[in-house]
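The values are calculated or read from the model by the stated rules, or taken from the named source; none is laboratory data. The shown structure was predicted, so the numbers you read here are calculated from the model rather than taken from an experiment. Glycine also receives a Cβ, built like all others from the backbone with ideal geometry; neighbour counts cover every protein chain displayed.
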Amino acid sequence: MGAKVSARGLRQALAESVGGLPRQFWWLWTSTLVNRLGAFVATFLALYLTAERGFSASYAGLVGALYGLGGVISSIGAGVLTDRLGRRPTMLAAQVATAASVASLSLVTHPVAIAAVAGLVGMASNASRPAVQAMMADIVAPEDRVRAFSLNYWAINLGFAVSSTSAGLIAQYSYHLLFLGEAAMVLVTAVVVFLKLPESRPETPPARSAHGREAAAVSMATVVRDKRFMAVVALNLLLATLIQQAFVSLPISMGEQGLTSTDFGTVIALNGVLIVALQLPLTRFIEHRDPARLLIVSALLTGYGFGLNAFAGSAAFYAVAVAVWTVGEMINSPTQMGLVVRLSPTQGRGRYQGMYTLSWSVASLGAPLLGGTVIDRFGSDTLWAASALIGTLTAAGYGLLLRSLRDTEPRETQPATAAGPPAETDTTPAA
């Protein structure tokens with residue numbers, strides 16, 4: 001009897017986690033999963049340049065920074081195209097360009113050529129993000145968005161867990177095979193988008209806001225003047241700078257201690273495995289809780305998790321550190337994405353998502369330069385100690401921001417859930 005009750009409760013929990021979402025969301029989810037199953041280059045680029053090609057940590061940091069610069073350039077442009085041209089065309093163009101540039105990266109050998117192509121890869125691979133996030137906000141009802149973002153994040157990490165583990169093994173035989181494999185998987189993603197995902201952009205912006213005022217046109221200047229939203233972007237930049245160290249500074253630090261690509265692949269795969277195992281039940285636990293506390297806790301766990309790397313001397317200890325900052329990441333992602341959508345007007349979702357994506361792109365640009373330079377000049381331990389300090393400062397910033405939101409918003413515009421946008425202020429039709 002107990003087993004039957006337990007099985008029934010599990011089925012109910014699963015139904016509440018994945019049920020009721022539109023079919024278009026699941027095709028978007030599938031495209032995300034397929035894309036992440038082949039996401040090898042960003043994770044192993046630093047290790048490829050240092051261990052396989054013999055370049056210095058500073059050069060690897062420079063190439064990683066150019067990869068991030070490409071993302072910076074494309075974030076804003078892709079956000080504008082998402083609003084003007086549409087979600088689907090922006091995704092398709094970005095995916096085809098990503099496949100072509102990643103394949104080219106497997107062929108070039110000159111240091112200048114590698115750096116230039118890496119910048120193109122960063123530009124192309126980042127360009128689809130505002131479109132994906134805007135389409136998700138378009139097609140999912142407001143009350144289901146936190147859950148939808150969590151499921152999409154789960155797909156990202158399911159693919160990442162598989163790809164990082166397998167890529168670590170493949171890299172021992174051929175790094176070029178990694179690049180060609182990613183190009184092929186991105187093309188498969190483009191086929192899914194082309195065949196299964198119709199355009200979701202609203203035909204015309206809403207004529208009036210929820211309070212009866214005329215809805216103003218949204219430009220990038222509008223986004224920049226939105227102080228509360230830009231505060232979210234700035235805080236995410238700090239947190240993203242920490243998380244990016246996992247893909248640039250962490251493999252370099254582990255390599256300095258004689259650990260192999262397989263060790264790094266296994267350790268970093270724990271990040272995806274934990275998210276796959278725990279993200280959905282954790283989301284059910286946090287979705288109706290105070291976002292200020294959640295974001296503060298997430299920043300502290302992320303900062304101190306990376307700080308633990310200063311004491312690591314084995315793959316097992318690095319794995320413990322990964323587990324700590326992964327919990328912070330799991331708490332932060334659905335909470336913050338819900339906050340981003342809540343602050344974004346319907347007619348400007350692409351631009352707002354582009355600016356939010358820009359924070360990740362700037363982190364991809366700055367983190368490799370910061371990490372590589374600090375490691376070369378001061379050592380890895382200094383970098384990890386600074387990470388704990390950044391996590392503390394970010395937590396303080398989240399506390400001030402969320403208190404400001406509570407103090408300045410009218411009661412009727414307060415969110416119904418910890419991170420979800422208030423249904424009464426959203427004018428997008430449910431899919």
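Worth a mention:
- Which listed residue, of Ala100, Ala51, is more than 13 Å from Asn126 (Cα to Cα), at pLDDT below 85 and hydrophobic (A, V, I, L, M, F, W, C): Ala51
- Some residue of the stretch 365-372 being within 23 Å of Gly313 (Cβ to Cβ), part of a helix (DSSP H, G or I), touching a helix residue (DSSP H, G or I) at 6+ places or on another chain (Cβ under 8 Å) and at pLDDT 85 or above: yes
- Checking Val96, Val121 one by one, the residue that is buried (at least 19 other Cβ atoms within 10 Å of the Cβ) and part of a helix (DSSP H, G or I) is Val121 and no other.
- In the stretch 349-397, the residues that are under 26 Å from Ala221 (Cβ atoms) and aromatic (Phe, Trp, Tyr): Tyr352, Tyr356, Trp360
- A single entry from Val34, Val63 fulfils the requirement of being part of a helix (DSSP H, G or I) and within 17 Å of Val132 (Cα to Cα): Val34.
- Subset of the stretch 217-248 (residues that are within 30 Å of Thr50 (Cβ to Cβ) and either assigned to a helix (DSSP H, G or I) or modelled with pLDDT under 85 (or both)): Asn236, Leu237, Leu238, Leu239, Ala240, Thr241, Leu242, Ile243, Gln244, Phe247, Val248
- All positions within the stretch 341-370 that are surrounded by 23 or more Cβ atoms within 10 Å (Cβ to Cβ), of a type outside the set (Gly, Ala, Ser) and under 19 Å from Ile76 (Cβ atoms): Val341, Arg349, Arg351, Tyr352, Gln353, Met355, Tyr356, Thr357, Leu358, Trp360, Leu365
- Output for the stretch 256-302, where each listed residue is at pLDDT below 85 and either aromatic (Phe, Trp, Tyr) or over 30 Å from Leu169 (Cα atoms) (or both): Thr283, Arg284, Phe285, Ile286, Glu287, His288, Arg289, Asp290, Pro291, Ala292
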